[in-house]
1. What number of residues within the range 500-518 are assigned to a helix (DSSP H, G or I), among the aliphatic types (A, V, I, L, M) and surrounded by 15 or more Cβ atoms within 10 Å (Cβ to Cβ)?
2. Just the residues that are touching an Asp or Glu at 6+ places or on another chain (Cβ under 8 Å) and open to solvent by 40 Å² or more (accessible area, probe 1.4 Å), please, taken from the range 354-377.
3. Restricting the first residue to the range 261-282 and requiring it to be closer than 11 Å to residue 102 by Cβ, which pairs with a second residue that is hydroxyl-bearing (Ser, Thr, Tyr) and part of a strand (DSSP E or B) meet a Cβ separation below 9 Å and a spacing of at least six or different chains?
4. Of everything in the range 98-121, what is aliphatic (A, V, I, L, M) and within 27 Å of the chain's Cα centre (by Cα)? Give them in sequence order.
5. What is the residue count in the range 65-79 for residues that are in contact (Cβ under 8 Å) with a residue 60 or more places away in the chain and under 12 Å from residue 125 (Cα atoms)?
6. Of all the residues that make up the range 180-193, how many are surrounded by fewer than 17 Cβ atoms within 10 Å (Cβ to Cβ) and of a type in the set (Ser, Thr, Tyr)?
7. Given (1) open to solvent by 10 Å² or more (accessible area, probe 1.4 Å); (2) over 30 Å from residue 187 (Cα atoms); (3) modelled with pLDDT under 95, where does residue 88 come up short, assuming only one miss?
Amino acid sequence: MQRAEMIHRVSTPDRWWDLIVIGGGATGAGVAIDAATRGYDVLLLEQSDFGKGTSSRSTKLVHGGVRYLEQGNLSLVMEALKERGLLLQNAPHLVRNLAFVVPSYDWWEAPFYGLGLKLYNLLAGKYGFGASRILSKEETLERLPTIKTEGLRGGVIYFDGQFDDSRLLVNLLQTAVEQSATVLNYCPVTELTRDAEGIVDGVRFRDLESGTPYEAHAHVVVNATGPFSDGVRRMADPSADSMIAPSQGIHLVFDASFLAGESAIMVPHTSDGRVMFAIPWHGHTVVGTTDTPIPRPELEPVAMEEEIEFILQTASLYLDKPPARADILSVFAGIRPLVKGDAGSTAALSRDHTIRIEKSGLVTVCGGKWTTYRRMAEDCVNQAAALGGLPEKPCVTEHLNIHGYHSSSEKLGRLRVYGSDAADIAQLRQSEPLHPALPYTAAEVIWAVRQEMARTVEDVLARRTRALFLNARAAHDMAPQVAAIMARELGFDAAWEAAQVAAFREVANGYVAQASSSPANPAPSSGPKIGTGA
């Protein structure tokens with residue numbers, strides 16, 4: 001995946017594309033793969049880096065959505081459970097089976113949640129990850145040795161999927177390129193073009209690296225920009241009503257000691273109406289998430305003080321060692337592109353996806369969630385192909401191996417997330433960690449630049465590796481080394497290095513939990529009450 005080659009392709013005069021996809025997150029990448037594998041000529045444009053927005057900021061779970069059972073949305077749960085199974089099948093190097101325990105502190109909780117999770121398993125059918133069952137107190141403590149013991153009666157275990165979101169996104173884009181798609185980061189669309197009848201027939205965009213403007217035309221243009229969908233829609237129609245009700249969720253990252261063992265914790269109902277997870281991820285503990293309606297989406301959202309306090313207080317109800325602000329290694333925020341409805345809160349809005357064909361001919365796909373990206377893409381390409389008069393061709397992504405596919409990736413150790421690329425990275429023979437707190441190496445920086453279109457220090461430390469998301473201070477310290485390696489690879493000078501370090505450190509400051517101006521509320525002395533609003 002070489003950016004110079006991608007730029008060369010869009011420089012060809014008078015070239016018509018079958019589809020132009022605006023947005024380089026999970027949905028846009030899914031659309032690009034689906035369309036390219038059908039033989040359509042595809043151009044994907046991303047305003048910043050791939051996955052800069054929502055698609056790198058998830059809870060790191062590939063799941064059916066236990067909470068949607070409570071909403072009665074069985075069709076969404078069944079669809080997501082099937083897609084979860086397909087992701088494990090098609091990208092085993094990035095998706096794995098993870099045990100979740102729902103701890104019970106009241107007599108009714110284990111049978112109540114046990115029944116719901118039995119239904120969850122039944123809905124998965126042949127795509128199930130493992131049978132759920134009720135655990136004794138001793139079995140619960142064996143699975144969760146750091147759980148709060150006071151009042152603990154037992155728990156329920158079930159199995160779901162975990163993944164590395166931005167690593168999967170990079171592999172999806174590589175898969176699209178292997179299928180002849182053209183993908184470009186740092187190329188924001190500035191205008192939509194129209195034909196004589198006023199129908200959208202292309203885009204104008206600019207390469208932020210060179211400043212060069214471009215124009216590209218297509219039979220159909222797809223808006224897959226997630227939280228920013230309304231902005232693109234208003235390029236076509238300035239009077240367009242808002243579709244998106246953006247909501248912010250945050251996660252706190254701690255060291256592995258807060259969740260010893262291999263299992264995750266799932267709390268079915270927090271006081272803000274969301275599910276809370278505490279999960280092991282890349283040798284750390286990730287806890288989240290919140291649900292805070294926001295007036296408008298930001299490309300680099302920052303956690304609010306009340307969100308940080310909420311997670312610290314909620315986690316203290318379940319962890320024997322209550323996490324403190326000083327324990328936070330990183331805090332990251334993401335925006336959910338929820339489609340507006342009649343629900344009273346963003347936590348209650350459906351995660352079903354929506355495809356809208358505007359009067360201008362612009363196709364907008366939004367909503368949904370990471371797990372269902374493939375199905376969203378299939379539905380979108382079906383609609384777009386019909387609208388654009390493209391030859392009718394079937395979707396083939398259900399059984400398409402994602403770039404990096406490796407059936408024995410567990411043998412690759414820490415480089416498992418690279419799958420079949422791991423051997424080539426090892427051949428670079430630069431395996432010393434760049435920082436004692438994190439395992440990432442110079443070889444991974446070089447690989448990100450040469451093969452994964454990383455253009456900035458942030459691209460490498462936030463999304464090609466996960467350093468910024470795991471330990472913001474360590475990533476801050478790594479920036480000069482990474483900038484130096486990238487400058488050598490890209491042929492840039494010392495001024496570029498200095499500018500990159502400064503820009504990254506400014507972003508990294510938003511991932512550091514600053515000292516609180518007000519003390520946290522003390523945790524209750526008794527055990528937590530799941531589902532009571534505690």
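1. Of the range 500-518, the ones assigned to a helix (DSSP H, G or I) are 500-511.
Checking which are among the aliphatic types (A, V, I, L, M) leaves us with 501-503, 507-508.
Keeping just the survivors that are surrounded by 15 or more Cβ atoms within 10 Å (Cβ to Cβ) gives 501, 503, 507-508.
The number of residues fulfilling the criteria is 4.
2. Those that are touching an Asp or Glu at 6+ places or on another chain (Cβ under 8 Å) and open to solvent by 40 Å² or more (accessible area, probe 1.4 Å): 355, 359, 375.
3. Sorted first by the residue in the range 261-282, then by its partner, the pairs are 266/158.
4. Of everything in the range 98-121, those that are aliphatic (A, V, I, L, M) and within 27 Å of the chain's Cα centre (by Cα) turn out to be 98, 99, 101, 102, 117, 119.
5. So the answer is 1.
6. Of the residues in that region, 3 qualify.
7. (3)
Per-residue answers, yes or no, for (1) in contact with a Leu (Cβ under 6 Å, 6 or more places away or on another chain); (2) open to solvent by 10 Å² or more (accessible area, probe 1.4 Å):
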site: 195; (1), (2): no, yes
site: 208; (1), (2): no, yes
site: 226; (1), (2): no, yes
site: 229; (1), (2): no, no
site: 235; (1), (2): yes, yes
site: 246; (1), (2): no, yes
site: 259; (1), (2): no, no
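The values are calculated or read from the model by the stated rules, or taken from the named source; none is laboratory data. Please read these numbers as outputs of a predicted model, since none were measured by experiment. When we count neighbours, we look across all protein chains shown, and the Cβ atoms used for this are built from the backbone with ideal geometry, even at glycine. What goes into the accessible areas is simple: the full protein's heavy atoms, side chains included, and nothing from ligands, DNA or RNA. Shrake-Rupley method; radii C 1.70, N 1.55, O 1.52, S 1.80 Å.
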